[in-house]
Amino acid sequence: MRTHDEVVAQLMRRPGVRQEVERIEREEGALLDLLLKAREEAGLSQAQVAERMGTHAPAVARLERALATGKHSPSLATLRKYAQACGKTLSLYLT
């Protein structure tokens, strides 16, 4: 039986898998880092952010996990609510 690391190494040799992982790290990973930093700077737990957003803690956990995996892209409205819950504003820039 192969180890997890061996399976990951094998999958990463596939061009499509590697490209998708790199895209997630480049796009969603950067956004996740910003959101987690905002939450940490505000000194808030997921539950506290959820309360301020008018939702429940599992929804915030799913949002953060979705960005980590790249399986779902949250709406701008959701990102705006998360930012506001952390005392921040959401700004988008095209470069």
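The values are calculated or read from the model by the stated rules, or taken from the named source; none is laboratory data. Because the structure is a prediction, the values reported are computed rather than measured. When we count neighbours, we look across all protein chains shown, and the Cβ atoms used for this are built from the backbone with ideal geometry, even at glycine. Note: accessible area is taken over every heavy atom of the protein model, side chains too, but ligands, DNA and RNA are not part of it. Shrake-Rupley method; radii C 1.70, N 1.55, O 1.52, S 1.80 Å.
Some notes on this structure:
- When the stretch 44-86 is filtered for residues that are in contact with a Lys or Arg (Cβ under 9 Å, 6 or more places away or on another chain), at pLDDT 95 or above and open to solvent by less than 80 Å² (accessible area, probe 1.4 Å), the ones remaining, listed by number, are Leu44, Ser45, Gln46, Val49, Met53, Gly54, Thr55, Val60, Tyr82, Ala85, Cys86.
- No other residue among Glu41, Glu22 is open to solvent by 100 Å² or more (accessible area, probe 1.4 Å) and of a type in the set (Asp, Glu) apart from Glu41.
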